[in-house]
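Working notes for the structure below.
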Amino acid sequence: MKLVMAIIHDEDAFQLIDLLSEKGYSVTKLASTGGFLRAGNTTLICGVDETQIPDLIETIEKKCKARKQITSVNSAHVSAGEGYVPYPIEVTVGGATIFVLNVEEFKKV
Ligand code: 2BA
């Protein structure tokens, strides 16, 4: 058995969960926060048989779009005595960041 963790955009979450449920996958949605943007995102966890991994990843790819987001970083201007001056940068987020982990044991009691 494998555990798939997919970090996705909040806006893609419910459409993807609907499609995964239609296909018979069990899925858990966690509210998460990206360390870089400090913005909310969604982490889905899904325990599946190894043979289901290609279909699961294809389904995630189908529903999760890449998006451009603007964030600000601080630039030091110490010599000018101005402290830190924030300036905007554009980053591409997603479609999805996917981890596939081995599951040692799976039980429902
Ligand atoms: P965030 O950490 O908020 O990152 C959002 C986007 O910012 C990233 O998109 C990437 O384009 C950019 N980014 C992240 N760290 C950066 C850095 N140190 N310098 C410059 N740009 C940086 P994605 O790569 O698509 O990641 C989307 C979200 O997936 C991340 O949100 C994070 O929550 C998660 N993630 C991505 N890679 C991960 C990893 N290796 N381990 C754990 N979580 C990860």
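The values are calculated or read from the model by the stated rules, or taken from the named source; none is laboratory data. The model shown is predicted, which means the values in this text are computed figures rather than measured ones. Neighbour counts run over all protein chains shown; Cβ positions are idealised from the backbone, glycine included. Only protein heavy atoms, including side chains, enter the accessible area calculation; ligands, DNA and RNA are left aside. Shrake-Rupley method; radii C 1.70, N 1.55, O 1.52, S 1.80 Å.
Key figures
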{"item": "Cα gyration tensor shape for region 1-44, rounded if a/c is under 1.5, else prolate or oblate", "result": "oblate"}
{"item": "Computed helical MRE - 222 nm, the chain, DSSP H runs ≥ 4 contributing -39500 (n - 2.57), nearest 500", "result": "-7000 deg cm²/dmol"}
{"item": "Distribution of pairwise C-alpha distances over the chain, 10 Å bins, in %", "result": "13, 38, 24, 13, 8, 4, 0"}
{"item": "Solvent-accessible surface (1.4 angstrom probe) belonging to T51, in square angstrom, nearest 10", "result": "110 Å²"}
{"item": "Accessible area in square angstrom per residue, the chain, 1.4 angstrom probe", "result": "69 Å²"}
{"item": "Carbon + sulfur, % of accessible area of the chain - ligands and nucleic acids excluded, 1.4 Å", "result": "52 percent"}
{"item": "Sites V91 and D55, calculated FRET efficiency, Cβ-Cβ separation with R0 22 Å, nearest 0.05", "result": "0.15"}
